[in-house]
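Presented below is the structure to which this report refers.
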Amino acid sequence: MKLNYKRTMLVGLAFLSICTFWQMYDFTVPLVLKNTYGLNDTWAGVVMAMDNVLALFLLPFFGALSDRCRAGLGRRMPFILLGTFLAVVFTVSLPTVIGMNSLPVFLVVLGLLLVSMGLYRSPAVALMPDVTPKPLRSKGNAVINLMGTVGGMLTLVLNNFAIRHYITDNGKTASDYSLLFYAVAAIMAVSVFILYKTIHERPLVAEMERINYGEPKEQTTVTRDEKSGKLNPEVMRSLLLILFSVAFWFMGYNAVTTAFSKYAMSQWQVMEGAASNCVLVATVAATLSYWPVGIVSSKLGRKKVILFGAALLSACFFLAGTVRSLGVLMFVLFALVGIAWASINVNSFPMVVELASGADTGKYTGYYYTFSMAAQVLTPILSGWLLEHVGYHTLFPYAGVMVAISVVTMCFVRHGDVKPEARRGMEAFDVGED
């Protein structure tokens, strides 16, 4: 059985559009809030937290709603098309709204934009397991993550030449993000249009339903009660343990990525650029690791690779807490952090949806994002309190402990780790794409 890389990349165009948008959003909105509307850091942080708070409710809701969709285009495609259309409309309206210089109007439009993005994120991500054989979902998720990285990189490139600077009437330098908004909206529209024209959801899902659920020999473990359709208690226990693991490693990783620049400036007296280079090293290492991690996971199993990644991540955070200056050792540690994060990220989502039936993949995708987003809402508060009231030296130990807890919870997971059948005969000599 081989992964259809071309098809998976086309499915990943939806995630590319999502990551293109969020890279732009995280870069421009804080600057607009500060420079255009004069919000201080506290209130700007409240506004920037809106997307994570909304995601706690929107992602599981629209994921489950897409499971019940019976449209001619399929279950996920209507949400992807409608969400993208609305998001593009609100994105291209931002220059006009910002020009009105009315904070309430800007916040209303921003809220509608965030709802539009929430409308199709879970359905877009659920489309990958819908059209991918179960044993190959880690590889598929690796491809999806790579497509998301490409989307983020497109916005980073656009940041260099799509932002116009000008002198205001009072002699100050200001920035015009109109071209950036239009370019990102165009990328989103074109990406999803190509997805719509090339991926015919209903026949592909029907094919995968036959592969994943149609043959009794593939059901090696009974996961659901035949009458109620609910997960058996031991399978539900595994699902909860996976989801809590997701929350704990996101709490550790997100604490470091959001506060590392402040940590480096406070503890090592370096500039923001030098600190951001460490995070860049981790991002590049993770990106380069996605594909090989997907291949290794299909050979060794998802749980083993996740445990390796989580243990490595925790160890790197504890070691980083002992480093007294920004040097080569720190860059090496952050490269290992990237590899560890790729090992976790490629496999965690497939383990969650492995426990779903073909009819509720969207709901389980929502579960995954509920726990990951809840962690990203909670951890800045917890780690921020420690940084302020105890000291910046608590950052890496806090992160190390959180990820270490995820290692413990993952050890008790017993389901969600499907492996492909061993090759027989001449297939054993096939070393091509799996």
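Annotations
- When the residues of the range 72-94 are filtered to those that are more than 14 Å from LEU127 (Cβ to Cβ) and surrounded by fewer than 17 Cβ atoms within 10 Å (Cβ to Cβ), the one that is farthest from the chain's Cα centre (by Cα) is GLY72.
- Pair list, Cβ < 9 Å and 6+ apart or interchain, from the range 104-131 residues that are outside any helix (DSSP H, G or I) to residues that are aliphatic (A, V, I, L, M): VAL131/VAL11; VAL131/ILE199; VAL131/LEU204; VAL131/VAL205; VAL131/MET208
- Any hit, the range 262-273, residues being in contact with a Lys or Arg (Cβ under 9 Å, 6 or more places away or on another chain), among the polar types (S, T, N, Q) and either surrounded by fewer than 22 Cβ atoms within 10 Å (Cβ to Cβ) or under 19 Å from THR394 (Cα atoms) (or both): yes
- Where a residue in the range 161-181 is more than 21 Å from PHE21 (Cα to Cα) and its partner, wherever it lies, is part of a loop (DSSP other than H, G, I, E, B), with Cβ under 7 Å and at least six apart: ALA174/THR168
- Output for the range 285-304, where each listed residue is farther than 13 Å from SER138 by Cβ and either in contact with a helix residue (DSSP H, G or I) (Cβ under 7 Å, 6 or more places away or on another chain) or not assigned by TED's automatic domain parsing to the domain that holds PHE331 (or both): ALA285, ALA286, THR287
- Residues in the range 329-351 that are surrounded by fewer than 24 Cβ atoms within 10 Å (Cβ to Cβ) and β-branched (Val, Ile, Thr): VAL332, ILE339.
- Single residue of the range 230-248 satisfying the filter (within 23 Å of the chain's Cα centre (by Cα) and more than 14 Å from VAL403 (Cα to Cα)) that is surrounded by the most Cβ atoms within 10 Å (Cβ to Cβ): SER238
- Every listed requirement among (1) among the hydrophobic types (A, V, I, L, M, F, W, C); (2) crowded, with 17+ Cβ neighbours inside 10 Å; (3) assigned to a helix (DSSP H, G or I) is met by LEU326 save one, (3).
- Test: residue in the range 276-297 that is surrounded by 20 or more Cβ atoms within 10 Å (Cβ to Cβ) and within 12 Å of LEU326 (Cβ to Cβ): yes
- The set of residues in the range 32-71 being in contact with a helix residue (DSSP H, G or I) (Cβ under 7 Å, 6 or more places away or on another chain) and among the acidic types (Asp, Glu) consists of ASP51, ASP67.
- Breaking point among (1) in contact with a Ser or Thr (Cβ under 9 Å, 6 or more places away or on another chain); (2) at negative phi, for PRO104: (1)
- Applying the criterion of being loosely packed, with under 12 Cβ neighbours inside 10 Å and outside any loop (DSSP other than H, G, I, E, B) to the residues of the range 160-177, the residue that is farthest from the chain's Cα centre (by Cα) is ILE167.
The values are calculated or read from the model by the stated rules, or taken from the named source; none is laboratory data. Worth saying up front: this structure is predicted, and the values here are computed from it rather than measured. So basically every Cβ, Gly included, is an ideal-geometry build from the backbone, and we count neighbours across all protein chains shown.
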